[in-house]
2 protein chains.
Amino acid sequence: MAQYSAQLDGLFVALADPTRRGVIRRLGRGPMSVGDLAGEFPMTLPSFMKHVRTLEANGLIRTVKSGRVRTCILNRERLALVDDWLAEQRRVWEERTDRLESLLTDPKENPS
Amino acid sequence: MAQYSAQLDGLFVALADPTRRGVIRRLGRGPMSVGDLAGEFPMTLPSFMKHVRTLEANGLIRTVKSGRVRTCILNRERLALVDDWLAEQRRVWEERTDRLESLLTDPKENPS
């Protein structure tokens, strides 16, 4: 549970940046070399590489080196953790709505 | 678009903390006073208030003062922005899958 929470911390930090979200979006269309990918973002290569490393450290992308080319690949499964967290919140809300409905429709459920 | 991106930055930063995610989860069960809510988290009230202010600044919760009691209320609509962003990524992946399928099933689509 603590590990899941720490993973969510890292994921949300990684997603809190427009360049990193842009990389995720771009890689959704398919794998791409770091060089080609960097060309789509207006910043220096060292700055861009920091974003790539943050995404990689949090498991959102992986990179594979072949010769002199490093290719970035999106790890969609990792984004599913965010989906799961949102689904968990919805379950809490729905339980509340169900409780409120049962109070309104069945007065015996209401202890007051 | 720049505003949407800035909102996402703020939302993801706000979600990148276990206490703030805990507050969102707790408020999913219904509104709660700051005092009662703070009692559920092992930290000083000033530290807790910083988290409340971050959530409020990013629109994830709102607070209403009545007399001496400040009540926190979850703003579910705000979390929907995160849902929307995830849905947008899925659309990009699905378009890619559709393209790959059409290449495999209809050779005329393949220009090479």
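The values are calculated or read from the model by the stated rules, or taken from the named source; none is laboratory data. Quick caveat, the model's predicted, so the values are computed rather than measured. Neighbour counts run over all protein chains shown; Cβ positions are idealised from the backbone, glycine included. For the accessible areas, the whole protein counts, side chains as well, though only heavy atoms, and no ligand, DNA or RNA atoms are used. Shrake-Rupley method; radii C 1.70, N 1.55, O 1.52, S 1.80 Å.
Considering (1) more than 12 Å from every other protein chain (Cβ to nearest Cβ); (2) within 30 Å of B:M1 (Cβ to Cβ); (3) of a type outside the set (G, A, S); (4) in contact with a strand residue (DSSP E or B) (Cβ under 9 Å, 6 or more places away or on another chain), say which one A:L60 fails and leave the rest. Among (1) more than 12 Å from every other protein chain (Cβ to nearest Cβ); (2) within 30 Å of B:M1 (Cβ to Cβ); (3) of a type outside the set (G, A, S); (4) in contact with a strand residue (DSSP E or B) (Cβ under 9 Å, 6 or more places away or on another chain), the lone unmet condition for A:L60 is (1). In this structure, does B:V82 turn out to be open to solvent by less than 70 Å² (accessible area, probe 1.4 Å) and on the phi < 0 side of the Ramachandran plot? It is true that B:V82 is open to solvent by less than 70 Å² (accessible area, probe 1.4 Å) and on the phi < 0 side of the Ramachandran plot.
If the condition is being more than 7 Å from chain A (Cβ to nearest Cβ) and surrounded by fewer than 19 Cβ atoms within 10 Å (Cβ to Cβ), then segment B:18-31 contributes B:T19, B:G22, B:R26, B:P31. All of (1) of a type in the set (A, V, I, L, M, F, W, C); (2) free of Cβ contacts under 8 Å to residues at least 40 places away in the same chain; (3) within 10 Å of chain B (Cβ to nearest Cβ); (4) open to solvent by 20 Å² or more (accessible area, probe 1.4 Å) hold for A:L103 with one exception: (3).
For A:V52, state whether it is within 14 Å of another protein chain (Cβ to nearest Cβ) and in a helix (DSSP H, G or I). Talk me through it step by step, then tell me what you get.
Working: within 14 Å of another protein chain (Cβ to nearest Cβ): no; in a helix (DSSP H, G or I): yes.
Spelling it out, it is not the case that A:V52 is within 14 Å of another protein chain (Cβ to nearest Cβ) and in a helix (DSSP H, G or I).
Give the residues of segment B:60-79 that are touching an Asp or Glu at 6+ places or on another chain (Cβ under 7 Å) and either on the phi > 0 side of the Ramachandran plot or open to solvent by 30 Å² or more (accessible area, probe 1.4 Å) (or both), sorted by residue number. Can you show your working first?
Of the residues in segment B:60-79, the ones touching an Asp or Glu at 6+ places or on another chain (Cβ under 7 Å) are B:62-63.
Within segment B:60-79, B:R62 is the sole residue that qualifies.
A search for C-beta distances below 8 Å between a residue of segment B:36-49 that is modelled with pLDDT of 95 or more and any residue that is not in a helix (DSSP H, G or I), counting only pairs 6+ apart in sequence or on different chains, returns B:L37/B:C72; B:F48/B:F41. In segment B:61-87, which residues are farther than 20 Å from A:L79 by Cβ and within 15 Å of the chain's Cα centre (by Cα)? The answer is B:I61, B:R62, B:I73, B:L74, B:N75, B:R76, B:E77. Taking segment A:56-72, which residues are among the charged types (D, E, K, R) and more than 16 Å from A:G30 (Cβ to Cβ)? Within segment A:56-72, A:E56, A:K65, A:R68 meet the criteria. Being out of contact with any Pro (no Cβ under 9 Å at 6 or more places or on another chain), in a loop (DSSP other than H, G, I, E, B) and free of Cβ contacts under 8 Å to residues at least 24 places away in the same chain holds for only one residue in A:G22, A:G30, and it is A:G30.
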